[in-house]
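Before any comments, here is the structure.
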Amino acid sequence: LDEALHAAGVARLSAAPEGVAGRVELRCGDALALAGEEVTSVGAMYMYMTMRGMRAIYPWAKAHAAPGTRLITAQFRVTGVDHHEVEEVTYTDARGVDLTFRFYTYIL
């Protein structure tokens, strides 16, 4: 299973019921591979990385994204950078176990 293709498919399926599929472009993959591409029109970047990965990507995102772009991380914070807001989402998995995820939003 190609994880990037799987993630892209899940993201597209998630956008459809929300009514935004025609208004958004979803990309899944290595954000650093976008070097040289135009990312100033990006309104939000969603990252699921470790704290080490976030330390590596944050300076790149800050330098290449338009001011005001939202950077959203799941579970992990960017060390040394204050987040704008945090949202906790709890759900019950198939085993009946409650799991809580934190989503941190940074304004670039």
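The values are calculated or read from the model by the stated rules, or taken from the named source; none is laboratory data. Every value quoted in this text rests on a predicted model; they were computed, and no experiment measured them. Please note that ligands, DNA and RNA were not included when accessible areas were found on the heavy atoms of the full protein model with its side chains. Shrake-Rupley method; radii C 1.70, N 1.55, O 1.52, S 1.80 Å.
Ordering Ile57, Ile107 by how much accessible area each has at a 1.4 Å probe, largest first, what is the list?
Numbers: Ile57 0, Ile107 65 Å².
Accessible-area ranking of Ile57, Ile107, largest first: Ile107, Ile57.
For the full complex of protein chains and a 1.4 angstrom probe, list Val78, Val97 by accessible area with the highest value first.
Final ranking, largest accessible area leading: Val97, Val78.
As a test of reading the structure, rank Tyr91, Tyr46, Tyr106 by solvent-accessible area (1.4 Å probe, protein chains only), most first. Let's see the in-between values first.
Numbers: Tyr91 105, Tyr46 130, Tyr106 0 Å².
Result of the area sort, largest leading: Tyr46, Tyr91, Tyr106.
Taking all protein chains as shown and a probe of 1.4 angstrom, Arg102 keeps an accessible surface of around 100 Å².
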